[in-house]
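J.: Take a look at this one; I'll ask things after.
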Amino acid sequence: MAHGFKPDEKVVFVGDSRVKKGTGFITPPDYTAYPGKSEAFIPNFLLKEWMVGVVVLVGFLVLTISEPAPLGYPADPGASVIPMPDWYFLFLYEYLKLPYASGDYVVLGTLGVSGVAFGALLLAPFLDTGKERRFYKRPIASTLMFLSLAAVVYLTNSAWTHYAHELEKSGMKPEHIQREEEAHEKHLQGLPTSNAKQPEENEIAIVDQQNPAMEIYKKSSCINCHAADMKGQGNAPTLRGVGDKLEKDEIADIIANGRGQMPPQKDAVSAEEIDQLAGWLASQKAAE
Amino acid sequence: MNHNHNDEHEESHKPPRRTEMSRRQFLTYTLGGATAYMAAGVVIPMVRFAVDPILQKGETGDFVKVVESSKITAEPQEFDFELKQQDGWYNSTAQLTAWIRKADDGTIIALSPICKHLGCLVGWNNNESHVNEFYCPCHGARYTPDGKNLAVAPKPLDMYTVKEDGGWIYLGEIIPNTVVN
Amino acid sequence: MLKNVYNWIDERLDITPIWRDVADHEVPEHVNPAHHFSAFVYCFGGLTFFITVIQILSGMFLTMYYVPDIINAYASVEFLQTKVAFGQIVRGMHHWGASLVIVMMFLHTMRVFFTGSYKAPREMNWVVGMLIFFVMLGLGLTGYLLPWDNKAYFATKVTLEIANSVPWLGPIIKELLQGGTIVGAETLTRFFAIHVFFLPAVLLALLVGHFIMIRRQGISGPL
């Protein structure tokens, strides 16, 4: 039925090789209507923009070198700290203190006013639809923006003042400053400056590594199961601190006759060596 | 019936419409269906994965022995206690704080110091201009000794469920304040 | 040599139109600070992008040392800042850059607002730009928690309480962000994922849209 050729029918085959090649999505805009001389983006204009970038980067690097990023103490839910968001959230933080943004009106504060303000900002082009572009010819939009800016500056300032005041009253220093000073002091005294919680040192050291019994331990088959660091492996238990659990005689008996999966060693190790080993192992006690 | 008949009559004047699907329509729907299936098949497990925490049943906490009943006065006092808690893969003991006082009628009131405004920690009598009140240093929220909100905060301070047994105070889970308002 | 390589690829893929689309265009005089010094206000958009690139790069490098885990997060940040060569500078770049990008974006937004450049036909680009602004604020918010120090922990608690005060959905939003009933291990990993994967992905998509629209529509005329 509809297979006949219809010249007036517009057929577009999307994603099809039959689509004619376009002239490109982006055609360079024509600025001849604007006053003055335009210039090429690359290299002429970009060079100027990158000059600005160079200046900004120099300032930025100087800042990063001279001022380390702040770091306080590790988070502790029980710590008494005056919470402060980053500076660009201060105005919101302070605003939520206002009587009409807190208490019974907290919904009005969080959703109502800020929702309307940010919504208006997001949709500004659809609210301010006049042709005029100069800000002094758009009195409503400009006034609202100036008022919001003034409010933001005022709120940020009062949040900071309040914070500084609270700090002074409670005699606290901001944590990152306190930490830095403390670290500096410790550094001068040659102490470790880290505040991170380290895993507890509960490893038991090997006692008297120079003892000739250590040589026996290494040469005989002990080392195969109990490992070179004496920490044991698989079913073989650690021998570090074994002196806390067993007496010398018991150890000698285990070496000679074996225990559990451990085979008897009395044929492989001489009685004298067993005595030396057992004596040494019995001295393996955890440090006080 | 008459109404229906009229409708049909009117329709007969319109050009005939094809009732079955065209080949292109069929392919489009199939493509759309396959796309929807692939998207859903990939995304659904991930979404369920991401929202798991809100679907977990909260466990009701046990009571923790905190302090001898005899130490409780009419003035709120701060007591710390430990609570074993599980945070995902991490088991820890949380240091919790309660402000405990004995009300005039003899009931024990244990308040959580977490400010109902924005979650800072309130203190008792820590501001000269607000005597005998809980005061929050963040936004100046204030509460009565029973936790009733006086300023800034929208709700009274939460309280712990209290159990008294053998001369000791036991504290349980945190519940909304039932003493005031 | 380089030219030969370029020609070899160009013969096969015809890449010249691609970079011409990106780079080959004119810039009118009224935005050129070499002609009118006051035109420096038109640089803020480019500078925002420059700082954003620094943020992405420094963030990528920070994850070489950083661990999003409540036991080790603080230790790893402290380590990379105090023990690793140039760690102070790389973390400093990411920390101060976060503030600087907000400043630059703010100035750029104000320039667009007060020159009325968001008016027809550029409404959509303003909306995309504002979305970029919100994503940047989200990045600042989630990134603030990652060092897991007291300031981060308590500020995040406050933020989550603000989310909690939203009617109806508040508690769900809070718990979804928090990943549980307390601010803890699952909160940190969530914020990390949002900060490092989700928001940057959204940001890149929005930036591409922003730039394509600028090039399609050209720079708004002089006042």
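J.: With outside any loop (DSSP other than H, G, I, E, B), small (Gly, Ala, Ser) and at pLDDT below 95 as the only criterion, which of C:ALA39, C:ALA34 stands out? Can you show your working first?
T.: Details: C:ALA34 fails: outside any loop (DSSP other than H, G, I, E, B).
Just one listed residue meets the conditions, C:ALA39.
J.: Further, regarding this structure: For residues that are of a type in the set (A, V, I, L, M, F, W, C) and either touching a helix residue (DSSP H, G or I) at 6+ places or on another chain (Cβ under 7 Å) or not in a loop (DSSP other than H, G, I, E, B) (or both), tally how many sit in region B:53-77. Step through it out loud before you land on a result.
T.: Of region B:53-77, the ones of a type in the set (A, V, I, L, M, F, W, C) are B:54-55, B:63-64, B:66-67, B:72, B:74.
So of that shortlist, the ones also either touching a helix residue (DSSP H, G or I) at 6+ places or on another chain (Cβ under 7 Å) or not in a loop (DSSP other than H, G, I, E, B) (or both) come out as B:54-55, B:64, B:66-67.
Qualifying residue count for the region: 5.
J.: Which of the residues belonging to region A:66-101 are within 23 Å of C:GLY92 (Cα to Cα) and either over 20 Å from the mean Cα position of the chain (by Cα) or of a type in the set (Lys, Arg) (or both)?
T.: Taking region A:66-101 first, the residues within 23 Å of C:GLY92 (Cα to Cα) are A:66-75, A:83-90.
Scanning region A:66-101 gives A:SER66, A:LEU90.
J.: Which residues, taken from region B:110-150, are touching a His at 6+ places or on another chain (Cβ under 9 Å) and at negative phi? Even if it seems obvious, please write down each step before you answer.
T.: First pass over region B:110-150, keeping only residues touching a His at 6+ places or on another chain (Cβ under 9 Å): B:115, B:117-118, B:120, B:136, B:138-142, B:149-150.
If the condition is that a residue be touching a His at 6+ places or on another chain (Cβ under 9 Å) and at negative phi, then B:CYS115, B:HIS117, B:LEU118, B:CYS120, B:CYS136, B:CYS138, B:HIS139, B:ALA141, B:ARG142, B:ASN149, B:LEU150 are the ones that fit.
J.: Continuing with the same structure: Considering only region A:240-288, state which residues are of a type in the set (Ser, Thr, Tyr) and in contact (Cβ under 8 Å) with a residue 60 or more places away in the chain.
T.: Residues of region A:240-288 of a type in the set (Ser, Thr, Tyr): A:270, A:283.
If the condition is that a residue be of a type in the set (Ser, Thr, Tyr) and in contact (Cβ under 8 Å) with a residue 60 or more places away in the chain, then A:SER283 is the only one that fits.
J.: Which residues, counting only those in region C:1-15, are of a type in the set (A, V, I, L, M) and surrounded by 10 or more Cβ atoms within 10 Å (Cβ to Cβ)? Working first, answer last.
T.: The initial filter retains those residues of region C:1-15 that are of a type in the set (A, V, I, L, M), namely C:1-2, C:5, C:9, C:13, C:15.
Residues satisfying the conditions are C:ILE9, C:ILE15.
J.: Here are some residues: B:ASN132, B:ASN125. Which one is more than 13 Å from every other protein chain (Cβ to nearest Cβ), within 29 Å of C:THR156 (Cβ to Cβ), surrounded by fewer than 18 Cβ atoms within 10 Å (Cβ to Cβ) and at pLDDT 80 or above?
T.: B:ASN125
J.: Something else about it: Pull out all pairs, ordered by first then second residue, where Cβ-Cβ is under 8 Å, the residues are six or more apart or on different chains, the first lies in region C:95-123 and is surrounded by fewer than 16 Cβ atoms within 10 Å (Cβ to Cβ), and the second is assigned to a loop (DSSP other than H, G, I, E, B) and at pLDDT below 95.
T.: Note: pairs meeting the criteria are C:SER99/A:ASP86; C:ALA120/A:THR129.
J.: Among (1) more than 14 Å from chain C (Cβ to nearest Cβ); (2) assigned to a helix (DSSP H, G or I), there is one condition A:TYR163 misses while meeting the rest; what is its number?
T.: So A:TYR163 meets the others, but not (1).
J.: Still on this structure: Restricting attention to region A:61-72, does a residue exist that is touching a residue at least 60 places away in the same chain (Cβ under 8 Å), among the small types (Gly, Ala, Ser) and out of contact with any Gly (no Cβ under 7 Å at 6 or more places or on another chain)? Please lay out each step first, then the result.
T.: Of all residues in region A:61-72, those touching a residue at least 60 places away in the same chain (Cβ under 8 Å) come to A:68, A:70-72.
Add one more test, that the residue is among the small types (Gly, Ala, Ser), and what stays is A:72.
Applying the additional criterion that residues be out of contact with any Gly (no Cβ under 7 Å at 6 or more places or on another chain) yields A:72.
Taking every residue of region A:61-72 in turn, at least one turns out to be touching a residue at least 60 places away in the same chain (Cβ under 8 Å), among the small types (Gly, Ala, Ser) and out of contact with any Gly (no Cβ under 7 Å at 6 or more places or on another chain).
J.: Please tell me if A:VAL113 is aliphatic (A, V, I, L, M) and either more than 10 Å from chain C (Cβ to nearest Cβ) or under 15 Å from C:PHE114 (Cβ atoms) (or both). Before you say what the answer is, go through the steps one by one.
T.: On the way: aliphatic (A, V, I, L, M): yes; either more than 10 Å from chain C (Cβ to nearest Cβ) or under 15 Å from C:PHE114 (Cβ atoms) (or both): yes.
Spelling it out, A:VAL113 is indeed aliphatic (A, V, I, L, M) and either more than 10 Å from chain C (Cβ to nearest Cβ) or under 15 Å from C:PHE114 (Cβ atoms) (or both).
J.: Considering only residues of region B:66-115 that are among the small types (Gly, Ala, Ser) and surrounded by 12 or more Cβ atoms within 10 Å (Cβ to Cβ), which is farthest from B:GLY166 (Cα to Cα)?
T.: To start, the set of residues in region B:66-115 that are among the small types (Gly, Ala, Ser) comprises B:69-70, B:74, B:88, B:92, B:94, B:98, B:103, B:106, B:110, B:112.
Then drop every residue that is not surrounded by 12 or more Cβ atoms within 10 Å (Cβ to Cβ), which leaves B:69, B:88, B:92, B:94, B:98, B:103, B:110, B:112.
Values: B:SER69: 9, B:GLY88: 35, B:SER92: 28, B:ALA94: 25, B:ALA98: 20, B:ALA103: 20, B:ALA110: 18, B:SER112: 23 Å.
Looking at the filtered set, the residue picked out is B:GLY88.
J.: What's the number of the only condition in (1) farther than 25 Å from C:LYS151 by Cα; (2) in a helix (DSSP H, G or I); (3) at pLDDT below 95 that A:PHE91 fails to meet?
T.: Failing condition for A:PHE91: (1).
J.: So, in region C:42-95, of the ones that are part of a loop (DSSP other than H, G, I, E, B) and polar (S, T, N, Q), which residue ends up nearest to C:VAL128 (Cα to Cα)? Before you say what the answer is, go through the steps one by one.
T.: The initial filter retains those residues of region C:42-95 that are part of a loop (DSSP other than H, G, I, E, B), namely C:63-72, C:83-86.
Then drop every residue that is not polar (S, T, N, Q), which leaves C:63, C:72.
Numbers: C:THR63: 29, C:ASN72: 37 Å.
Top of the filtered list is C:THR63.
J.: Does A:PRO192 satisfy being over 30 Å from C:VAL77 (Cβ atoms) and outside any helix (DSSP H, G or I)? First the steps, then the outcome.
T.: Details: over 30 Å from C:VAL77 (Cβ atoms): no; outside any helix (DSSP H, G or I): yes.
In short, no.
J.: Looking only at residues in region C:87-98 that are within 14 Å of C:LEU139 (Cα to Cα) and more than 7 Å from every other protein chain (Cβ to nearest Cβ), which one is nearest to the chain's Cα centre (by Cα)?
T.: Within region C:87-98, the first condition is being within 14 Å of C:LEU139 (Cα to Cα), and the residues that meet it are C:94-98.
Adding the requirement that they be more than 7 Å from every other protein chain (Cβ to nearest Cβ) leaves C:94, C:97-98.
Details: C:HIS94: 11, C:GLY97: 10, C:ALA98: 8 Å.
For region C:87-98, the residue satisfying everything is C:ALA98.
J.: Got a number for residues in region C:41-94 being within 27 Å of A:GLY53 (Cα to Cα), buried (at least 17 other Cβ atoms within 10 Å of the Cβ) and of a type in the set (S, T, N, Q)?
T.: Residues in region C:41-94 being within 27 Å of A:GLY53 (Cα to Cα), buried (at least 17 other Cβ atoms within 10 Å of the Cβ) and of a type in the set (S, T, N, Q): 6 in total.
J.: Quick one: which of B:ALA34, B:ALA39, B:ALA50 is under 25 Å from the mean Cα position of the chain (by Cα), among the small types (Gly, Ala, Ser) and either exposed (fewer than 10 other Cβ atoms within 10 Å of the Cβ) or not in a strand (DSSP E or B) (or both)? So that I can check it myself, show each step before the final result.
T.: Values: B:ALA34 fails: under 25 Å from the mean Cα position of the chain (by Cα); B:ALA39 fails: under 25 Å from the mean Cα position of the chain (by Cα).
Testing whether each residue is under 25 Å from the mean Cα position of the chain (by Cα), among the small types (Gly, Ala, Ser) and either exposed (fewer than 10 other Cβ atoms within 10 Å of the Cβ) or not in a strand (DSSP E or B) (or both) leaves just B:ALA50.
J.: Another question, then. B:ILE108 - would you say it is over 30 Å from A:SER158 (Cα atoms) and in contact with a strand residue (DSSP E or B) (Cβ under 9 Å, 6 or more places away or on another chain)? Show your work before the answer.
T.: On the way: over 30 Å from A:SER158 (Cα atoms): yes; in contact with a strand residue (DSSP E or B) (Cβ under 9 Å, 6 or more places away or on another chain): yes.
When the stated conditions are applied, B:ILE108 passes them.
J.: Filter region B:144-162 down to residues that are buried (at least 23 other Cβ atoms within 10 Å of the Cβ) and more than 12 Å from every other protein chain (Cβ to nearest Cβ), then give me how many there are. Talk me through it step by step, then tell me what you get.
T.: First pass over region B:144-162, keeping only residues buried (at least 23 other Cβ atoms within 10 Å of the Cβ): B:147, B:149, B:152-153, B:157, B:159-160.
Narrowing the set further to residues that are more than 12 Å from every other protein chain (Cβ to nearest Cβ) leaves B:147, B:157, B:159-160.
Of the residues in region B:144-162, 4 are buried (at least 23 other Cβ atoms within 10 Å of the Cβ) and more than 12 Å from every other protein chain (Cβ to nearest Cβ).
J.: Also, I was wondering about something else. If I ask for residues that are without any contact (Cβ under 8 Å) to a residue 60 or more places away in the chain, more than 10 Å from every other protein chain (Cβ to nearest Cβ) and closer than 18 Å to C:PHE211 by Cα, which ones from region C:20-68 would you list?
T.: The one that is without any contact (Cβ under 8 Å) to a residue 60 or more places away in the chain, more than 10 Å from every other protein chain (Cβ to nearest Cβ) and closer than 18 Å to C:PHE211 by Cα: C:VAL53.
J.: So which of C:THR52, C:THR48, C:THR82 is polar (S, T, N, Q), more than 20 Å from C:HIS108 (Cβ to Cβ) and out of contact with any strand residue (DSSP E or B) (no Cβ under 8 Å at 6 or more places or on another chain)?
T.: Working: C:THR52 fails: more than 20 Å from C:HIS108 (Cβ to Cβ); C:THR48 fails: more than 20 Å from C:HIS108 (Cβ to Cβ).
Exactly one of C:THR52, C:THR48, C:THR82 is polar (S, T, N, Q), more than 20 Å from C:HIS108 (Cβ to Cβ) and out of contact with any strand residue (DSSP E or B) (no Cβ under 8 Å at 6 or more places or on another chain), namely C:THR82.
J.: If you don't mind, there's one more thing I want to ask. Please specify each residue of region A:68-105 satisfying the condition of being charged (D, E, K, R), surrounded by fewer than 20 Cβ atoms within 10 Å (Cβ to Cβ) and more than 7 Å from chain C (Cβ to nearest Cβ).
T.: Within region A:68-105, the subset charged (D, E, K, R) is A:76, A:86, A:94, A:97, A:104.
Applying the additional criterion that residues be surrounded by fewer than 20 Cβ atoms within 10 Å (Cβ to Cβ) yields A:76, A:86, A:104.
The one that is charged (D, E, K, R), surrounded by fewer than 20 Cβ atoms within 10 Å (Cβ to Cβ) and more than 7 Å from chain C (Cβ to nearest Cβ): A:ASP104.
J.: Sticking with this one: Mind telling me which of the residues A:ALA124, A:ALA151 ends up being more than 10 Å from every other protein chain (Cβ to nearest Cβ) and farther than 30 Å from C:TYR74 by Cα?
T.: Numbers: A:ALA124 fails: more than 10 Å from every other protein chain (Cβ to nearest Cβ).
Being more than 10 Å from every other protein chain (Cβ to nearest Cβ) and farther than 30 Å from C:TYR74 by Cα holds for just one of A:ALA124, A:ALA151, which is A:ALA151.
The values are calculated or read from the model by the stated rules, or taken from the named source; none is laboratory data. Note that this is a predicted model, so its numbers are computed, not measured. Note: ideal-geometry Cβ built from the backbone for every residue, glycine included; neighbour counts use all protein chains shown.
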